[in-house]
Amino acid sequence: MKAARIRVQSSAGPYTVVAGTGIIRQAPHEIAALGKFSSIHIVSSAKVWRAVGKIVGRGLGFAKRNIHLFNDAESAKHLGSVEQIARALCRVGADRKSLIVAVGGGVVGDVAGFAAASYLRGVALVHIPTTLVAQVDSSIGGKTGVNLPEGKNLVGAFYPPRLVITDPDLLRTLPDREFRGGLAEVIKHAVIADAPMFSLLEKNMDCVLERDPDALGSLIPRNAQIKARVVSRDEHESGLREILNFGHTFAHALESITHYRRYQHGEAVAWGMMAAAFLGHELHLTPAEDVSRIISLVRRLGPLPPWPSVPPAALLKAMRSDKKARGGVLRFVLSPRMGQAHTYDSVPQLAVERVLHFTPRLVLAASGHLGAAK
Ligand SMILES: NC(=O)c1ccc[n+]([C@@H]2O[C@H](COP(=O)([O-])OP(=O)(O)OC[C@H]3O[C@@H](n4cnc5c(N)ncnc54)[C@H](O)[C@@H]3O)[C@@H](O)[C@H]2O)c1
Ligand SMILES: [Zn+2]
């Protein structure tokens with residue numbers, strides 16, 4: 001069992017992501033090395049716990065009554081779930097020296113993370129991510145929070161964990177659509193920070209899609225490392241961390257205009273990355289060859305729900321009201337060459353409109369099936 005130990009810097013001190021196939025068996029040992037806790041509390045969902053509870057729970061030494069399961073549907077990612085978790089912790093006497101172990105995908109991590117940040121003004125937190133998105137993205141970087149009816153992730157805190165335990169084995173039971181959605185974020189990491197990994201994905205995408213243990217065993221730690229490097233240098237997203245939003249300005253507009261019902265997030269990011277590649281090319285930044293490589297690799301993720309049939313102006317409006325748009329100015333992360341990305345301010349509206357108009361048409365033309373609904 002070879003594990004990568006990835007250091008992440010944060011304002012609350014450094015923490016480690018231990019990543020490797022089979023590493024979950026070391027969880028008791030890794031957690032014991034953090035120090036003594038008065039009690040250990042698992043926060044997860046019924047669905048996740050059914051899938052991985054047996055493997056994850058082994059040896060952790062928590063009382064049965066200290067397993068707290070809540071609904072991890074995106075629609076239940078609200079303050080009510082934080083209250084539910086906090087009250088459950090209270091009822092079993094969790095104190096300041098207790099530890100919360102969040103076991104699940106990004107929803108569990110964000111909600112349990114925010115509960116850990118606010119319960120008794122903060123108790124220790126360990127993440128055990130069980131989706132690809134959580135393993136390569138959401139468990140690293142300390143962002144926690146919940147949605148409001150007014151928008152996504154509007155209430156939250158930066159609350160770094162003490163440790164992240166990432167085992168690709170836990171992904172075996174993950175539904176295919178979730179897995180493929182996570183791969184969109186992996187492609188994103190390659191485009192913005194790791195050109196050799198992009199080439200590797202071009203070569204190995206079939207093995208990755210089959211969840212080949214060797215392929216995932218190296219791919220996941222490599223991606224965790226990329227996220228760790230970016231957030232260590234810019235924890236609070238004042239600059240560099242923005243590059244992680246490659247494809248996301250488009251994706252958020254696609255998601256909000258379809259009321260978060262049409263796309264799994266990664267599917268919207270897949271469309272968004274293709275649009276961002278086209279936009280980069282429109283602005284004479286992204287070479288044509290990179291655009292075509294990005295389109296080809298993204299297409300290998302499989303069919304995507306179709307682009308919404310709304311005028312570009314409607315999507316543009318959604319982009320301007322994105323919470324990251326900063327005063328309505330259009331900002332985009334674009335890639336001037338494979339493995340690099342920067343934020344570009346004040347992108348001409350006309351270029352964005354053109355891209356919104358031709359992205360679904362060009363992509364459809366390049367692939368008979370991509371625009372087809374599932
Ligand atoms: N904090 C961050 O930096 C950050 C980054 C990216 C995304 N997010 C957030 O993460 C959330 C999305 O997270 P996600 O993509 O991990 O999906 P998710 O947490 O919604 O999980 C997807 C589905 O898979 C199930 N599941 C999870 N692990 C499983 C397993 N091993 N086997 C079987 N089923 C399993 C869940 O129960 C759920 O139904 C969003 O709310 C998003 O805002 C946060
Ligand atoms: Zn994303």
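Only DSSP H runs of four or more residues enter the estimate; each adds -39500 (n - 2.57), and after division by the residues of the chain the mean residue ellipticity at 222 nm equals -14000 deg cm²/dmol. Pairs of Lys residues in region 81-215 that lie 8 or more places apart, or on two chains, and have C-alpha atoms under 27 angstrom apart add up to 5.
Ellipsoid fit via the Cα gyration tensor, region 246-366: semi-axes of 19, 18, 13 Å, each the root of five times an eigenvalue, largest first.
Extending 7 Å from the Cα toward the beta-carbon at both Ser346 and Thr173 defines two label points whose distance is 5.3 nm. Residues of region 232-274 with an amide N closer than 12 Å to a point placed 7 Å from the Cα of Ser75 along the Cα-to-Cβ direction: 261. Net length available on complete extension from Val310 to Tyr260 is 16.5 nm, with 0.36 nm assigned per residue and the Cα-Cα distance removed. Shape class of region 211-302 from the alpha-carbon gyration tensor: rounded, with the ratio a/c of largest to smallest axis under 1.5.
Readers should treat all values here as calculations from the given coordinates under stated rules, not as data from a laboratory. All of these numbers come straight from a predicted model, not from anything done at the bench. Ideal geometry is used to build each Cβ from the backbone, glycine not excepted, and the neighbour counts take in all protein chains shown.
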